[in-house]
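The values are calculated or read from the model by the stated rules, or taken from the named source; none is laboratory data. Since the structure is predicted, the reported quantities are computational estimates derived from the model, not experimental observations. Using ideal geometry, Cβ is built from the backbone for each residue, glycine included, and neighbour counts are taken over all protein chains shown.
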Amino acid sequence: MIAGLVEILLFQGAGEVISRFVVPLIPGPVIGLLLLLGYLVLRGSVPRHVEVVASGLTQHLGLLFIPAAVGVVMYWPNLRANALAVAVALVGSAIATIAVTAVVQKLVSGRHPK
């Protein structure tokens, strides 16, 4: 289990370093996740020790959202003052996500409507 955690943290650390010095616009954990994904694809399978740690982390994923919930409560007056802008941003981003997903799906599937 420790080996899996170390492996995951090494990829996140590498992502942080790359983010800091090479690509500052992309968050380090995202780069680390892409590096880990590339490694697993090249390897062809997920090592058992990484699978155990990853499944344990995903089972307790809700705990990672507690800081965000505290932030919402802490900035509630600001959110209330800008409620319309927040609502428009949420709805707009949801629509944009659905539209981009549809376009990417169409491009990936290779089928074009007649």
So Gly71, is it at pLDDT below 90 and surrounded by 10 or more Cβ atoms within 10 Å (Cβ to Cβ): yes
Open item on the list: Quick check on Val91: is it assigned by TED's automatic domain parsing to the domain that holds Gly4 and β-branched (Val, Ile, Thr)?
Closed with: no
The chain: helices (runs of 4 or more DSSP H) wholly inside it with 1 or more residues that are in contact (Cβ under 8 Å) with a residue 24 or more places away in the chain and of a type in the set (Asp, Glu) are 2-21, 48-59
